[in-house]
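Notes for the one structure printed next.
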Amino acid sequence: MSNKQMNDIKKALEAKRDELLTSTGDREEILIEHAAEEFDRLQQQLNREVAIRNLDRGSTLLKQVQAALSRMEEETFGICLRCDEAIPERRLKALPWAAYCVPCQEFIDRQRAAGAVDDDEAGDMAA
Ligand SMILES: [Zn+2]
């Protein structure tokens, strides 16, 4: 991968990180509690659940993005954490924070779907 391509990906990662870091507006919805009408109460409960779910998804992604940026600093970016093969450029362009090549990601997803491994264990396996 050329320096320019690497730079483009780095910019994309940093933009994504900033976007995730600034999207904490969702948190305010979690704090809104008081509502007179029952309907409003239910609506807010729903909003809160959605907001919490979004936060979970956002913080997982944020971790992946930050991990990708630190791999860039360590110059191990683009190397699959499981098999040490280069992750195809096409995949990195589509998913700059990808930590695994496609076959390894599929393997991990299958393990995770089967309940055999969680995120942390996947990290240990790679280390
Ligand atoms: Zn791999």
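The values are calculated or read from the model by the stated rules, or taken from the named source; none is laboratory data. Only a predicted model underlies this, so the values are computations on that prediction, with no experimental measurement involved. A quick note on method: Cβ atoms are made from the backbone with ideal geometry, for glycine too, and the neighbour counts reach across all protein chains shown. Remember, those area values only see protein heavy atoms, side chains included, never the ligands or the DNA or RNA. Shrake-Rupley method; radii C 1.70, N 1.55, O 1.52, S 1.80 Å.
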Legend entry - Out of Glu89, Glu106, sole residue that is open to solvent by 60 Å² or more (accessible area, probe 1.4 Å), under 20 Å from Asn3 (Cα atoms) and either within 16 Å of the ligand (Cβ to nearest atom) or modelled with pLDDT of 95 or more (or both): Glu89
Legend entry - Considering residues of region 109-127 that are at pLDDT 90 or above and exposed (fewer than 11 other Cβ atoms within 10 Å of the Cβ) only, the residue nearest to the chain's Cα centre (by Cα): Ala113
Legend entry - Pair list, Cβ < 8 Å and 6+ apart or interchain, from region 45-63 residues that are under 21 Å from Arg17 (Cβ atoms) and in a helix (DSSP H, G or I) to residues that are modelled with pLDDT under 85 and of a type in the set (D, E, K, R): Ala51/Asp26; Ala51/Arg27; Ala51/Glu29; Asn54/Asp26; Leu55/Asp26; Leu55/Arg27; Gly58/Asp26; Thr60/Asp119
Inset, instruction - Tell me which residues, restricted to region 93-103, are at pLDDT 95 or above and part of a helix (DSSP H, G or I). - result: Val102, Pro103
Legend entry - Looking only at region 92-103, and only at residues there that are buried (at least 17 other Cβ atoms within 10 Å of the Cβ) and without any contact (Cβ under 8 Å) to a residue 60 or more places away in the chain, the one that is farthest from Arg17 (Cα to Cα): Cys101
Inset, instruction - Go through region 60-86 residue by residue and tally those that are away from the ligand (no atom under 14 Å from the Cβ) and at positive phi. - result: 1
Inset, instruction - Would you check if Ser70 is open to solvent by less than 80 Å² (accessible area, probe 1.4 Å) and at pLDDT below 95? - result: no
